[in-house]
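Trainee: Starting off with a structure, shown below.
The values are calculated or read from the model by the stated rules, or taken from the named source; none is laboratory data. Note that the structure is predicted; figures quoted are calculated from it, not measured. Don't worry about glycine lacking a Cβ; one is built from the backbone with ideal geometry, like all the others, and counts go over all protein chains shown. SASA here: full protein model, heavy atoms, side chains in, ligands and nucleic acids out. Shrake-Rupley method; radii C 1.70, N 1.55, O 1.52, S 1.80 Å.
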Amino acid sequence: MTDPNNCYAYFAVYDDDLDPSVVSAELGITPTRAWRKGDRDSRHRERRTGKWSLYSRVERTAALEEHLKDVLLQMDANSSAFAAVSHRLGGTMQLVGNFNDIGAGLRVSKTIVSRLAFYGLRLDLDTYYLYSDSRECTG
């Protein structure tokens, strides 16, 4: 039996001068993850730039499209502020899929493409096929 896929999505802005508390106040929402340039990560390395991000809330086993829809739904709650921040700081919609099954992919409707364009988002899609000799679908 194939393990479930592990997917997630998030909206992010990056900037060397980014102050996460200012972005949070403008958007009216607490980020999932945020830091300033120079902050230390869990391995005590210095962050090279500031980041503010908002992750999907659905289970990681959900389809990648569901993660994308959930992040957009959160952004839609304050769409004008998210659009302003995204346009000003070069917003990114990051999609990550760790796929255990052959043929997994992404289908994005015209409506979703229009919403991404409204927010001025660039799309960064990282997909990984987790090959295994022990699985039926790979051996």
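Trainee: On a full-extension model of 0.36 nm per residue, what is the gain between residue 118 and residue 63, subtracting their alpha-carbon distance, rounded to one decimal in nm?
Mentor: So the chain would gain 17.5 nm between residue 118 and residue 63.
Trainee: Among DSSP beta bridges whose residues both lie in the chain, state the antiparallel percentage, nearest 5.
Mentor: 70
Trainee: Restricting to Cα pairs below 8 Å that are 6+ residues apart, what does the relative contact order work out to for the range 27-139? Please round to a whole percent. Could the numbers behind the result be given before it?
Mentor: Numbers: 131 pairs, mean separation 24.2, N = 113.
For the range 27-139, the relative contact order is 21 percent.
Trainee: Place +1 on the Cβ of every Lys and Arg and -1 on the Cβ of every Asp and Glu in the chain, take the dipole about the Cα centre, and give the residue among 119, 85, 106 whose Cα lies farthest towards its positive end.
Mentor: Farthest towards the positive end: 85.
Trainee: To continue, here is another question. Take the solvent-accessible surface of the protein heavy atoms, probe 1.4 Å, and return the percent of it on the chain that carbon and sulfur atoms account for. Kindly include the intermediate steps, with their values, before the conclusion.
Mentor: Working: 3940 of 8180 Å².
Roughly 48 percent of what the probe reaches on the chain is carbon or sulfur.
Trainee: Something else now. Aspartates and glutamates within cross-link reach of residue 110: Cα-Cα under 20 Å, excluding same-chain residues under 8 positions apart?
Mentor: Residue 110 reaches 65, 66, 70, 76, 124.
Trainee: Taking θ as phi - 60°, what are the ³J(HN,Hα) couplings along the range 115-126 by the Karplus curve (6.51, -1.76, 1.60), each to the nearest whole Hz, with x for Gly and Pro?
Mentor: Ordered by residue, 3J(HN,Hα) equals 5, 4, 5, 4, 7, x, 8, 8, 10, 10, 10, 10 Hz.
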